[in-house]
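Asker: I'd like to ask some things about the structure below.
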There are 2 protein chains.
Amino acid sequence: MTEFSVTAPDGIGEVRPGDDLAALVAHACPDLTDGDVVVVASKIVSKSEGRVVPADDREAAITAETVRVVATRERPGVPPLRIVENRLGLVMAAAGVDASNTPEGTVLLLPVDPDDSARRLRAGLRERLGVRVGVVVTDTAGRVWRDGLVDLAIGAAGLRVVEDERGRRDSAGRELGMTVRAVADEIAAAADLVKGKVTGRPVAVVRGLGHLTTDDDGPGAKILPRLGEVDLFSEGTAEAYARGLADGRGELRAGTRR
Amino acid sequence: MTEFSVTAPDGIGEVRPGDDLAALVAHACPDLTDGDVVVVASKIVSKSEGRVVPADDREAAITAETVRVVATRERPGVPPLRIVENRLGLVMAAAGVDASNTPEGTVLLLPVDPDDSARRLRAGLRERLGVRVGVVVTDTAGRVWRDGLVDLAIGAAGLRVVEDERGRRDSAGRELGMTVRAVADEIAAAADLVKGKVTGRPVAVVRGLGHLTTDDDGPGAKILPRLGEVDLFSEGTAEAYARGLADGRGELRAGTRR
């Protein structure tokens with residue numbers, strides 16, 4: 001039998017710019033122990049890091065966080081939905097800019113470097129409580145082809161982010177070809193089942209997965225985005241079609257000119 | 001504080017065609033209680049339902065399961081990777097046809113109707129143990145833009161599949177615009193952290209999320225796929241571009257003919 005538990009403590013109130021996240025978590029989770037994984041919503045990380053901008057600038061904030069527009073969809077009465085690659089390599093609606101659970105008239109940007117935020121929280125918890133934990137910083141995102149949002153790992157420290165089963169063998173003795181599990185994302189998803197926007201519990205502690213924690217901080221969640229040449233969906237269908245159509249017509253014009 | 005646990009029992013051995021899944025689960029989990037969620041890998045559901053075909057026919061099996069090809073990628077030495085919509089509305093590599101952990105020379109198809117499989121397992125557990133549980137049938141899938149595989153819900157019964165937070169308010173009193181959580185997928189992901197291909201534990205029990213279970217079987221996981229008009233990625237970038245290019249050149253040819 002294997003087992004783990006996920007607990008979302010009470011007692012983490014509103015987080016404000018400059019708040020010491022390690023102090024807040026240590027206070028709410030005094031029983032943390034080696035091998036626990038502390039899962040923190042990026043929202044409170046961003047708040048503690050003062051990543052708040054005026055809401056008048058929501059569209060400008062999205063543009064500023066955007067590295068590349070992947071797809072857009074017009075919507076009646078509101079600005080178009082923009083699915084973009086942001087500066088963290090995450091492909092997200094609105095670049096991850098968030099307007100819920102923020103002070104009226106403001107929006108929240110993602111942390112500057114969520115892996116670094118995770119490392120600092122991990123070091124802070126070690127300093128305060130003397131424990132060696134893993135840390136995951138989460139954000140909420142939609143999925144292609146699938147309804148509903150799930151939480152993902154956008155920052156991590158002291159944790160195996162992917163569990164590589166290549167080279168291991170299945171029960172019939174054959175090598176497991178391409179089985180790489182995104183365990184940090186699965187931990188983020190599990191934690192979301194007890195924390196959440198409405199409940200006011202932005203932190204969860206996962207206990208029983210100590211085999212996934214590591215001594216060093218590790219590579220972080222920045223290894224999870226997979227873009228570039230292996231990305232078969234680097235552009236929305238409508239955008240790619242339009243580009244092809246323009247190129248085809250361009251040949252027409254070029255031919256006419258000849 | 002809120003808390004839940006995820007436990008993967010030992011004692012579910014190899015599953016064979018015709019095996020009674022409810023009997024196997026009831027035997028391995030005699031302590032099941034009302035409000036538990038039983039998470040079962042589709043692999044053993046398929047095996048119990050005899051969804052095995054000869055491995056010579058792997059490519060033919062993928063074709064048979066395919067409703068629509070979304071994208072393909074050539075690979076050296078092996079047949080092209082095909083990302084397709086299958087008959088369950090799931091967009092997956094190889095249509096969800098699985099060649100690991102199956103008898104040599106065979107591959108496994110997904111259950112014919114995983115929601116129905118979930119309903120039958122739920123009814124069987126009620127009959128055998130007198131408990132009212134939720135059931136999730138999972139499969140493993142890759143994600144666009146993100147490395148690593150995660151588990152998803154492809155079948156469900158007795159469980160809220162999505163948790164609709166629209167109409168609820170955040171801590172600042174504003175309505176949570178479009179927050180629909182795919183909790184069945186998050187449960188599938190959580191369960192994968194203790195079950196798994198290598199460990200030989202194809203079932204997990206989630207305890208503490210009884211508020212997500214329901215009296216009736218509910219709509220099942222078939223409500224999760226989101227395709228059609230709202231799908232901005234109905235075709236791979238290369239495929240959409242090629243279609244646009246052909247259409248643009250078609251205008252050229254049409255112009256020539258005139």
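Asker: Please state the shape class of region A:114-170: rounded when a/c is under 1.5, otherwise prolate if a/b exceeds b/c and oblate if not, all from the C-alpha gyration tensor.
Answerer: Oblate, since a/c reaches 1.5 and b/c is not below a/b.
Asker: Kindly write out, for region B:236-243 in residue order, the coupling ³J(HN,Hα) from the Karplus curve 6.51 cos²θ - 1.76 cosθ + 1.60 (θ = phi - 60°), rounded to whole Hz, with x marking Gly and Pro.
Answerer: Using θ = phi - 60°, the values come out as x, 4, 5, 5, 5, 4, 4, 5 Hz.
Asker: Given contacts defined as C-alpha pairs under 8 Å and at least six residues apart, what's the relative contact order of chain A, whole-number percent?
Answerer: Working: 484 pairs, mean separation 64.4, N = 258.
Dividing the mean separation by the residue count of chain A yields 25 percent.
Asker: Of the cross-linked pairs A:Lys43/B:Lys222; B:Lys47/B:Lys222; A:Lys43/A:Lys195, which ones have a Cα-Cα span greater than 23 Å in the structure shown?
Answerer: A:Lys43/B:Lys222
Asker: Please sort B:70-76, A:212-218 by packing, taking for each peptide the average over its residues of neighbouring beta carbons within 10 angstrom, highest first.
Answerer: A:212-218, B:70-76
Asker: Follow-up question, since we're still on this one. For B:Gly105, place a label point 7 Å from Cα along the Cα-to-Cβ direction in every copy; what are the distances to the other copies, in nm, shortest first?
Answerer: 7.6
Asker: With 5 Å bins from zero, work out the P(r) of chain B over every alpha carbon pair and list the percent per bin.
Answerer: 1, 6, 11, 15, 17, 14, 12, 8, 6, 4, 2, 2, 1, 1, 0, 0
Asker: Under 1.5 on a/c is rounded, so check that first for region A:53-183, then, if it is not, pick prolate when a/b is larger than b/c and oblate when it is not; a ≥ b ≥ c are the square roots of the alpha carbon gyration tensor eigenvalues.
Answerer: oblate
Asker: HN-Hα J couplings of region B:138-152 from phi, Karplus 6.51/-1.76/1.60, θ = phi - 60°, integer Hz, Gly and Pro as x?
Answerer: Working through the residues one at a time gives 10, 9, 9, 8, x, 10, 5, 6, 9, 6, x, 9, 9, 8, 10 Hz.
Asker: Name the residue from A:Thr7, B:Val39, A:Gly228 whose Cα lies farthest towards the positive end of the charge dipole of the protein assembly as shown, charges +1 on Cβ of Lys and Arg and -1 on Cβ of Asp and Glu.
Answerer: A:Gly228
Asker: Let me ask something else about it. Taking just the alpha-carbon atoms of region B:1-72, what radius of gyration and Dmax come out, in angstrom?
Answerer: 17.2, 53
Asker: Which of B:Asp31, B:Asp115, B:Asp185 ends up with the largest GNM mean-square fluctuation for chain B, with Cα atoms connected below 10 Å?
Answerer: B:Asp31
Asker: Hey, another quick one. Once amide H atoms are placed 1.01 Å from N in the peptide plane, what residues at a sequence separation of 5 or more from B:Asp36, or on another chain, have their amide H within under 5 Å of its amide H?
Answerer: B:Gly134
Asker: Given N residues in the protein assembly as shown, what is its alpha carbon radius of gyration divided by 2.2 N^0.38 Å?
Answerer: 1.00
Asker: Less than 14 Å Cβ to Cβ from A:Ala246, Lys/Arg counted +1 and Asp/Glu -1: what total charge do the surrounding residues give? Mind dumping the intermediate values first?
Answerer: Working: positive: A:Arg243, A:Arg249, A:Arg253, B:Arg243, B:Arg249; negative: A:Glu235, A:Glu239, A:Asp247, A:Glu251, B:Asp247, B:Glu251.
Neighbourhood net charge equals -1.
Asker: Please build a GNM for chain A, connecting alpha carbons under 10 Å apart, and tell me which residue among A:Ala95, A:Ala64, A:Ala123 fluctuates the most.
Answerer: A:Ala64
Asker: Can you list, shortest first and in nm, the gaps between the label point of B:Pro76 and those of its counterparts in the other copies, using a point 7 Å from Cα in the C-beta direction?
Answerer: 5.4
Asker: What gaps in nm, shortest first, separate A:Gly11 from its twins in the other copies when you place the label 7 Å past Cα toward the beta carbon?
Answerer: Here A:Gly11 shows inter-copy label distances of 3.7 nm.
Asker: Compute, for chain B, the length of the dipole vector about the Cα centre, with Cβ point charges of +1 (Lys, Arg) and -1 (Asp, Glu) only. Units Debye, rounded to 20. All intermediate terms of the calculation are to be shown ahead of the outcome.
Answerer: Working: 35 positive and 41 negative charges, 148 e Å.
Dipole magnitude for chain B comes out near 720 debye.
Asker: While we're here: Which one, A:Ala156, A:Ala188, A:Ala26, has the greatest fluctuation when you compute a Gaussian network model over chain A with C-alpha springs under 10 angstrom?
Answerer: Among A:Ala156, A:Ala188, A:Ala26, the largest mean-square fluctuation in the Gaussian network model of chain A belongs to A:Ala26.
Asker: If you don't mind, there's one more thing I want to ask. Can you tell me the relative contact order of region A:24-123? Whole percent, Cα pairs under 8 Å, sequence separation 6 or more.
Answerer: Rounded, it is 27 percent for region A:24-123.
Asker: Then there is this: Where the Cα atoms of region B:70-116 are projected onto their three principal axes, how long is each span, largest first, in whole Å?
Answerer: Principal-axis extents of the Cα atoms in region B:70-116, largest first: 39, 29, 10 Å.
Asker: Would you tally the net charge around B:Trp145, using a Cβ to Cβ cut-off of less than 11 Å, leaving B:Trp145 out, and scoring K and R as +1, D and E as -1?
Answerer: Value of the local net charge: +1.
Here, each number is a calculation from the coordinates, and none is a lab measurement. Treat the numbers as computed from the prediction; the structure is a model and nothing was measured. Ideal geometry is used to build each Cβ from the backbone, glycine not excepted, and the neighbour counts take in all protein chains shown.
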